[in-house]
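These notes are about the structure you will find just below.
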Amino acid sequence: MTTPLTGGCLCGAIRYTLSAPIGGLRACHCTDCQKASGTGASVNAVVPGDALKITWGTPRRYARKADSGRILLRYFCGDCGSPLYSHREISPERVVIRMGSLDNPPAVKIATNIWTRSARAWSWIDPAAENLPANPPG
């Protein structure tokens, strides 16, 4: 992977760079991710918070108690609505990048599916991946 990676929203109002490598991806099938993405799951990469730098614009933020019971802060474009990243309120040192917001995402597969107990019947979940009914332990 060449770093930094670049990304942003659909309309171009928000741009960012990402200076951390992306390993295995995590697909989240929780009902909040379904609503926020308009799909069956959000596909994400977990990276250090200091690796993300907003280079243009200011994302809007939405806070909500997640299915896990923790407060999750979701960041998105206030103009076009594109989801960009999120992090737990108590742990901004770890951010979750929405892979679809990257300009040229690396060719990495989904390694883990979380919140599979709330996955839609039409969502395909790779049986070869790690599949968890809720959040990973810890």
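So with the 1.4 Å probe, I'd like the accessible area per residue for the chain, rounded to whole Å².
Result: 56 Å² of accessible area for each residue.
Work through the residues other than residue 91 whose Cβ is under 13 Å from its Cβ and net out their charges, Lys, Arg +1 and Asp, Glu -1.
For residues surrounding residue 91, the net value is 0.
Can you tally the net charge around residue 60? Count Lys and Arg as +1, Asp and Glu as -1, for every other residue whose Cβ sits under 12 Å from the Cβ of residue 60.
That works out to +1.
From the helices alone, meaning DSSP H stretches of at least four residues, give me the mean residue ellipticity at 222 nm for the chain, per-run term -39500 (n - 2.57), in deg cm²/dmol to the nearest 500.
Helix contribution divided over all residues of the chain: -1500 deg cm²/dmol.
How large is the Kirkwood hydrodynamic radius of segment 1-102, counting all unique pairs of alpha carbons, in Å?
Radius from the Kirkwood sum: 13.6 Å.
Could you please state how large a percent of the accessible area of segment 1-67 is carbon and sulfur, counting protein chains only and using a 1.4 Å probe?
52 percent
Give me the percent of accessible area attributable to carbon and sulfur for segment 79-134, probe 1.4 angstrom.
For segment 79-134, the apolar C and S fraction of the accessible surface comes to 53 percent.
Determine Rg/Rh for segment 9-63; Rg is computed over alpha-carbon atoms and Rh is the Kirkwood hydrodynamic estimate from the same atoms.
With Rh from the inverse mean 1/r over Cα pairs, Rg/Rh is 0.99.
Longest segment of the chain with no trypsin sites (Lys or Arg not before Pro) in a DSSP loop having at most 16 other Cβ atoms within 10 Å?
No qualifying site falls inside 1-69, the longest such stretch.
Using only C-alpha positions, report the orientation-averaged shadow area of the convex hull of segment 54-138, nm², one decimal.
Spelled out: convex hull of the Cα atoms, projected over all directions, averaged, 7.3 nm².
The values are calculated or read from the model by the stated rules, or taken from the named source; none is laboratory data. Please read all numbers here as calculations on a predicted model, not as lab measurements. Using ideal geometry, Cβ is built from the backbone for each residue, glycine included, and neighbour counts are taken over all protein chains shown. These area figures cover heavy atoms from the full protein model, side chains too; ligands, DNA and RNA do not enter into them. Shrake-Rupley method; radii C 1.70, N 1.55, O 1.52, S 1.80 Å.
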